[in-house]
Amino acid sequence: MALSGDYRVTLFVGGVGGARLAYGLAQCLPPERLTIVVNVGDDFWHLGLKICPDSDTVMYTLAGLVDPVNGWGLAGESTQMLDSLRRFDPDGGETWFRLGDKDLATHLERTRLTSMGVRLTEITESLSRALGVRHPLLPVTDDEVPTLVDTEEYGELAFQTYFVRYRWQPNVRALTYDDANHASVTPEVAAAIERADAIIFAPSNPWLSVDPMLAVGDLRERLMRRNVPRIAMTPILGGAAVKGPAAKLMGELGLPVTAQAVAEHYGDLLTGFVDDTVNPEFSTDLNVLRTDTLMKDDAARVRVAGDVLAWLEGGGGA
Ligand code: FO1
């Protein structure tokens, strides 16, 4: 399906769940009508390389290159570098973060360009274009804004240490995005917000993927100023997360594991909400679309994207 006229959507995404909606929307909307803004709070330096996991997850998904099982990294990967690295430290050393051999090329090229002073926005554009991605993929900021996770067991952890090294098992006390508060959105992201006819928050983790973006400079205020549908999709289905730590995290933060709690967390940022039919209906001022949101394969991703766009086109979400 295609929206009429020159209706433009700006989509905010985190990792795997967000990438799936991005894929669906990219099948429905041409590049000039869909801009994808990606979280950089998960980015980190590892083995001397600049790694941008959410950006790469979206880029590989849109390019049709993503590993279909993990939902991140490249399909058909090998691990010769990791196997060789492990020989230097039988305890594994820095091999806990699984960098595949083919994926390494992306990190090497990004690191090379970063060391030359090229902006992350331009680097991401150049990498995406080379892989055949047609839709604009924009890091929310060019600044480094690492998310920190305060845990009961280990105190404050870098995001990937919490997420990958400790497999998101530590109990979370709080999340901090302090660097993001002092960062600024890029001119490209600011322009994508200004020209959007609808703003969509993907079914990414609101605390780990979306909040780090909303914490960047004046992003929230910029979004609030736009009198267009601002909608989010639930990452919670039937009291559980589709993938990752959203449900566990909500419990640790003292919240009920419900779509309603997600919608209330976004608060007045939203005018509309996409909820799943498996979830109980709840009382809200938001304009709600209830549909099957599970994006288990490419066909489902396109169908969900089409449902959301048809709803918006019919005046939904406002
Ligand atoms: N996720 C994992 O659970 N384990 C890994 O070893 C891992 C490696 C990895 C390498 C490159 C990349 O782009 C992503 C990678 N991810 C890995 C995914 C990623 O760290 C997380 O899913 C996100 O940061 C959370 O959105």
Computed lengthening from TYR166 to ALA318, 0.36 nm per intervening residue step minus Cα-Cα distance: 50.7 nm
GNM flexibility winner over the chain from ILE231, ILE199, ILE123 (Cα, springs under 10 Å): ILE123
Simple spin-label estimate for TRP96 and LYS248 in nanometres, 7 Å along Cα-Cβ: 1.4
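Calculated from DSSP H runs of 4 or more alone, at -39500 (n - 2.57) each and per residue, what is the 222 nm mean residue ellipticity of the chain, nearest 500? Write down the numbers at each step before the final one.
On the way: 12 runs with 109 residues, N = 318.
Rounded to the nearest 500, the figure is -9500 deg cm²/dmol.
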Angle between the chain longest axis and helix 120-130 axis [Cα atoms, degrees, rounded to 10]: 90
Kirkwood Rh and Cα Rg combined as Rg/Rh, the stretch 220-277: 1.02
Rounded to 5, the percent of DSSP beta bridges in the stretch 147-249 classed as antiparallel: 75
Within straight-line cross-link reach of LYS296, lysines at Cα separation under 30 Å, skipping those fewer than 8 residues along the same chain: LYS102, LYS243, LYS248
GNM top mover of ASP43, ASP275, ASP292 - the chain, alpha-carbon springs below 10 Å: ASP292
Fully extended contour minus Cα-Cα distance, from TRP45 to ALA299, at 0.36 nm per residue: 87.9 nm
Normalised contact order of the chain, rounded percent, pairs of Cα under 8 Å and 6 or more residues apart: 21
Placed amide H near PHE201: partners under 5 Å, 5+ positions off or other chain: PHE12, ILE231, ALA232, MET233
Neighbour-limited loop hits for chymotrypsin sites (Phe, Trp or Tyr not before Pro), the stretch 1-62 (at most 12 other Cβ within 10 Å; DSSP other than H, G, I, E, B): none
Additional length obtainable on full extension of the chain from GLN80 to ARG290, 0.36 nm per residue less Cα span: 71.0 nm
Beta bridge orientation in the chain: antiparallel %, DSSP, nearest 5: 40
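Here, each number is a calculation from the coordinates, and none is a lab measurement. No experiment lies behind these values; they were computed from the predicted model shown. Quick reminder, even Gly has a Cβ in these numbers, built from the backbone with ideal geometry, and neighbours come from all protein chains shown.
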